[in-house]
Amino acid sequence: MKHYIEIQKVRNTDIVIDETLTLPKNTEAFHVGDIISITEKIDGANASICYDAQEDRLRCFSSKNELDFSNQLRGFLSYVQGMNKESFAKFPEYIFFGEWLVKHSVLYEPNHYNQWYLFSVYDRKSAKWLPQSFVKQFAEEFGFLYAHELYYGEFISWEHCISFANSPVYGEQQEGIVIKNQTALEEGRGPHILKYVNPSFKEIQRNNHKQKLEDPNKLKEKTEAENYIRMIVTEARVMKMFHKLVDDGIIPEQFELKDMKIVSRNLPKCVYEDCIKEELVILQKAGEYSGKLCNKVTMEIVKKKFLLFNK
């Protein structure tokens with residue numbers, strides 16, 4: 001199966017974490033005058049659809065697995081089974097990616113849930129992502145919802161892009177924005193997709209109150225490692241992965257105390273893997289302590305959030 005792009009967060013300058021660690025700028029592919037699209041970042045479950053010509057049916061996927069009777073992605077399988085396959089059958093080489101909007105961390109108006117919002121299309125034959133003009137045209141022609149577009153035009157500046165990050169249409173909250181550079185996509189520059197996450201939803205947290213290292217009874221190396229882990233194993237990241245496990249049918253939607261063993265077996269590993277994908281440089285700074293500390297901090301956050309899960 002085809003996985004969606006791991007979208008990096010906008011870093012328009014080098015970000016100095018401390019004297020030994022700097023995260024490099026990643027916006028070199030964006031030039032003034034490039035054509036870009038900005039859409040609202042939707043906090044749901046990544047879900048894709050493709051037409052299987054041999055079996056004459058629609059197949060659908062979560063971010064990790066093909067859906068079937070035992071793993072239905074919180075109703076998405078039934079949703080797809082009710083679709084007219086003819087629109088997808090016209091494009092058997094394409095994979096259609098969207099967001100299946102179910103309850104995660106961001107709260108939306110009830111009428112927006114349990115719907116699929118198309119945002120990208122991948123051509124398996126050419127191994128390329130298609131331009132947003134096609135994605136929008138497909139959505140309009142066949143009656144699919146398209147992720148709310150906040151801007152389409154020339155890239156002016158990052159300040160201009162970020163000005164759209166507080167314009168929610170699905171509810172009172174907006175997680176952030178996704179910026180796709182159509183010119184960079186056409187010319188093969190990358191990364192051509194970046195995201196900006198509003199401060200309240202950031203998955204990296206600077207620790208401005210680090211423990212003092214003068215305590216002779218504590219190892220300086222382990223204390224520093226924990227500081228690094230706490231930068232990236234935040235409530236935002238832990239909740240993101242918690243909801244993905246719910247989407248995958250591993251954690252029950254109606255979370256109870258008896259399910260804590262399932263959480264402890266699966267969630268720390270998923271958080272760790274997400275850190276590897278998105279924040280490897282910082283994770284490596286924690287060295288040999290990274291795994292155990294990730295487990296520790298993840299479960300600390302889960303226990304604090306336990307009452308929230310049951311509301």
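Take the alpha carbon atoms of the stretch 213-287, find their center, do the same for the stretch 120-156, and report the distance between the two centers in whole angstrom.
34
When a footprinting reagent is the concern and you count Cβ atoms within 10 Å, what order do THR20, THR298 take, fewest first?
THR20, THR298
Efficiency by 1/(1 + (r/R0)^6): what FRET value for LYS90 and ASP18, r their Cβ-Cβ distance, R0 = 35 Å, to the nearest 0.05? It would help to have the intermediate numbers written out before the result.
Details: r = 53 Å, r/R0 = 1.52.
About 0.05, to the nearest 0.05.
Residue separation times 0.36 nm, minus the C-alpha to C-alpha distance between LYS277 and ILE5: what's the value? Provide the component values of the computation, followed by the final result.
On the way: separation 272, 0.36 × 272 = 97.92 nm, distance 1.09 nm.
Answer, rounded to one decimal: 96.8 nm.
Once you list every other residue whose beta carbon is under 14 Å from the beta carbon of ASN181, what net charge do they have if Lys and Arg are +1 and Asp and Glu are -1? Kindly include the intermediate steps, with their values, before the conclusion.
Working: positive: LYS180, ARG189, LYS195; negative: GLU28, ASP34, GLU154, GLU186, GLU187.
Combined, the nearby Lys, Arg, Asp and Glu give -2.
On full extension of the chain, what length is gained from LYS25 through GLN54, given 0.36 nm per residue of separation minus the C-alpha to C-alpha distance?
On the way: separation 29, 0.36 × 29 = 10.44 nm, distance 4.50 nm.
Value of the extension gain: 5.9 nm.
Can you show me the helix-derived [θ] at 222 nm for the chain, built from DSSP H runs with n ≥ 4 at -39,500 (n - 2.57) apiece and divided by the number of residues, rounded to the nearest 500.
So the helix-based figure for the chain works out to -10000 deg cm²/dmol.
Does the stretch 222-311 come out rounded, prolate or oblate, given a ≥ b ≥ c as the square roots of the eigenvalues of its C-alpha gyration tensor, rounded meaning a/c under 1.5 and, failing that, prolate meaning a/b above b/c?
prolate
Taking the mean number of other Cβ atoms within 10 Å as a proxy for protection, how do you rank 35-45, 87-97 from highest to lowest? Show your work: numbers first, answer last.
Numbers: 35-45: 22.6, 87-97: 17.5.
Sorting 35-45, 87-97 by mean packing, highest first, produces 35-45, 87-97.
Residue separation times 0.36 nm, minus the C-alpha to C-alpha distance between LYS195 and ARG124: what's the value?
Difference between extended and current length: 23.1 nm.
Once you have a ≥ b ≥ c as the square roots of the Cα gyration tensor eigenvalues for the stretch 93-194, tell me rounded if a/c is under 1.5, and otherwise prolate or oblate according to whether a/b is larger than b/c.
oblate
Label the stretch 1-146 by shape, choosing from rounded, prolate and oblate, from the square roots a ≥ b ≥ c of the eigenvalues of the Cα gyration tensor; if a/c is under 1.5 it is rounded, and otherwise prolate applies when a/b is larger than b/c, oblate when it is not.
Prolate, because a/c is 1.5 or more and a/b exceeds b/c.
Every read-out reported here was derived from the displayed coordinates using simple, explicitly stated rules and does not represent laboratory data. Quantities reported herein were computed from a predicted structural model and do not represent experimental measurements. Every residue, glycine among them, receives a Cβ derived from its backbone with ideal geometry; neighbour counts consider all protein chains shown.
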